[in-house]
1. Looking at the square roots a ≥ b ≥ c of the eigenvalues of the Cα gyration tensor of region 119-232, which shape do they give, rounded for a/c under 1.5, prolate if a/b is larger than b/c, or oblate?
2. State, to one decimal in nm, how far the label point of E49 lies from the label point of D107, with both points 7 Å from Cα in the Cβ direction.
3. If r is the Cβ-Cβ distance from E124 to L91 and R0 is 41 Å, what FRET efficiency results, to the nearest 0.05?
4. Using the Karplus curve 6.51 cos²θ - 1.76 cosθ + 1.60 with θ = phi - 60°, work out ³J(HN,Hα) for each residue of region 71-79 in order, rounded to whole Hz, and write x for Gly and Pro.
5. Under 16 Å between alpha carbons, and skipping anything fewer than 8 positions from K179 in its own chain: which aspartates and glutamates qualify?
6. Please list, or write none, the aspartates and glutamates whose alpha carbon is within less than 12 Å of the alpha carbon of K135, excluding same-chain residues fewer than 8 places away.
7. Give the order of T43, T203, T152 when sorted by the count of other beta carbons within 10 angstrom, beginning with the fewest.
8. In terms of modelled amide H atoms, which long-range or inter-chain residues lie less than 5 Å from the amide H of I80?
Amino acid sequence: MRRVWAAALVLFIVLILALAPRLFLVPRLSAEMAGQLAAALNTDEVDLEIGAPLGWELLLGRIPHFEVTAADARLGGLGISRVELEGDGLLFQPWTLFMERDLVPMDFGVLRGWLRIDEADLNEVFWREVDPSRKLWLEVWPEGLVVLGTVTIWDMDLSINIVSDVLVESGSALRFAVKELAVQDAWLPDLLLDMLKDSFAFTVDLGEFPLPVEIQTVELLEHEIKIGIGGRQ
């Protein structure tokens with residue numbers, strides 16, 4: 001009987017040791033990582049799931065898989081309505097995390113996801129950078145980014161219609177370059193039209209994302225922009 005109890009006790013201890021990382025390390029790492037992502041994205045709405053079947057991987061500084069979603073974030077002064085990102089094989093410094101409560105990514109396998117920027121958030125940047133008077137506004141359509149409104153030239157209020165391309169710069173910025181400019185019921189010299197085009201071009205820098213990703217694709221939708229992000233080592 002004693003042998004049975006001894007065997008049961010040993011089995012219980014083995015199970016506790018086997019499950020301890022899963023029960024304690026995964027929740028702690030999830031909380032630390034979610035907190036850092038929330039601070040970097042300037043939002044309180046972050047949901048993080050870590051896939052570590054045994055939990056022992058975390059002691060070695062490796063996250064096999066993770067998925068994160070965030071809402072109402074901000075990057076580089078630009079509002080981001082939603083963020084979704086997942087990654088495989090993220091390596092970090094376990095000592096720094098467990099002793100200093102600081103998650104320091106060192107390497108990763110694959111990162112992939114996307115951001116969504118609403119038309120309203122994009123207009124806030126446009127008004128701040130280009131048109132503080134707010135006589136113009138942006139509209140996002142699958143066919144292109146359109147600027148509508150009036151400008152004052154030679155004491156005349158002229159209605160304009162601008163179509164812009166969205167270009168990726170340096171992997172972390174979006175440049176809005178004027179493709180077409182039309183002025184209603186007025187003739188303007190080509191030189192002045194070129195000057196107008198230059199004045200309405202602007203760049204939105206998304207700043208430093210908390211994980212090593214770059215902008216890979218840009219898709220214009222109805223009243224929002226979907227940006228594909230990713231990275232691979």
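1. prolate
2. A separation of 2.8 nm, rounded to one decimal place.
3. Given R0 = 41 Å and the Cβ-Cβ separation, E is 0.65.
4. Here the 3J(HN,Hα) series is 10, 6, 9, 9, 9, x, x, 10, x Hz.
5. E139, E143, D165, D190, D194, D198
6. Partners within reach: D157.
7. T152, T203, T43
8. HN-HN under 5 Å from I80: A73, R74, L75.
No lab work stands behind these numbers, since they all come straight from the coordinates. Model, not experiment: these values are computed from the prediction. Every residue, glycine as well, gets a Cβ built from its backbone with ideal geometry; the counts of neighbours run over all protein chains shown.
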